[in-house]
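Visitor: Starting off with a structure, shown below.
Readers should treat all values here as calculations from the given coordinates under stated rules, not as data from a laboratory. Computed from a predicted model, the values in this text were never measured in an experiment. As a convention, Cβ positions derive from the backbone with ideal geometry for all residues, glycine included, and neighbour counts pool all protein chains shown.
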Amino acid sequence: MPTIKRRTALLASQVIENIIAGSPYEFVGVPSKITVAAVKAAAGVVELSVQVGPELLLDRAPLNAEPTVNAGAMLPDNLLLEEFAAPGDRITISVRETSGAASFADVFLRIEPV
């Protein structure tokens, strides 16, 4: 079961269109259950969007602050969505900082073949 954990630094007002671009798991190979958890790791407002295939599943959801320094996103506490994906679907996870302060986004992605 592939798992990706990413800590992404965001400058003030920066947008990163797909934090898993180029990953071997960006495109789903077999029918799978997708699980996404995320938190922000510093001051500021960080929003996250998730698209799987043609479906926008989460649009600019504000992230909560991580409860413990450097803990990162954890299941089930920081769960944002669970969804099924078909073979060939592209997973796109975008993050944006909207408050004008630098921040970090910690994202956890699990892909479970079903």
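Visitor: Compute the FRET efficiency between S99 and A21 as 1/(1 + (r/R0)^6), taking r as their Cβ-Cβ distance and R0 = 30 Å, and round to the nearest 0.05.
Guide: On the way: r = 24 Å, r/R0 = 0.81.
Efficiency for this residue pair is about 0.80.
Visitor: Classify region 39-105 as rounded, prolate or oblate from the Cα gyration tensor: take a ≥ b ≥ c as the square roots of its eigenvalues, call it rounded if a/c is under 1.5, otherwise prolate when a/b beats b/c and oblate if not.
Guide: Working: a/c = 2.83, a/b = 1.62, b/c = 1.75.
Since a/c reaches 1.5 but b/c is at least a/b, the shape of region 39-105 is classed as oblate.
Visitor: Can you work out the Karplus-derived ³J(HN,Hα) for every residue in region 67-84? Use 6.51 cos²θ - 1.76 cosθ + 1.60 with θ = phi - 60°, whole Hz, and x for glycine or proline.
Guide: Calculated HN-Hα couplings, in order: x, 10, 4, 6, 6, x, 6, 10, 9, x, 4, 10, 4, 10, 6, 10, 7, 9 Hz.
Visitor: Any chance you could list P(r) for the chain, counting all Cα-Cα pairs in 5 angstrom bins from zero, rounded to whole %?
Guide: Over the chain, the share of Cα pairs per 5 Å bin runs 2, 13, 24, 25, 18, 11, 4, 1, 0 percent.
Visitor: Another question about this same structure. Using unit Cβ charges (K, R positive; D, E negative) and no other charged atoms, how large, in debye to the nearest 20, is the dipole of the chain about its Cα centre?
Guide: Around 240 debye, computed over the chain.
Visitor: Still on this structure: Using 0.36 nm per residue of separation minus the Cα-Cα distance, give me the extension gain between E55 and A42 in nm, one decimal.
Guide: Value of the extension gain: 1.7 nm.
Visitor: Residues with amide H under 5 Å of S99's amide H, sequence separation 5 or more or different chain, H placed in the peptide plane at 1.01 Å from N; which?
Guide: HN-HN under 5 Å from S99: S13, V45.
Visitor: Another question about this same structure. Could you tell me which residue out of V114, L10, P62 lies farthest along the dipole of the chain toward its positive end? Charges go on the beta carbon: Lys and Arg +1, Asp and Glu -1, centred on the Cα centre.
Guide: Selected residue: L10.
Visitor: Out of V28, V69, V45, any idea which swings most in a Gaussian network model of the chain, alpha carbons joined below 10 Å?
Guide: V69
Visitor: Sequence-distant or interchain residues sharing an amide H contact under 5 Å with N64, placed H: which?
Guide: Excluding prolines and chain starts, which carry no amide H, the hits are K40.
Visitor: Here is a follow-up. Remind me, relative contact order of the chain in percent, using alpha carbon pairs under 8 angstrom and six or more residues apart?
Guide: Answer for the chain is 51 percent.
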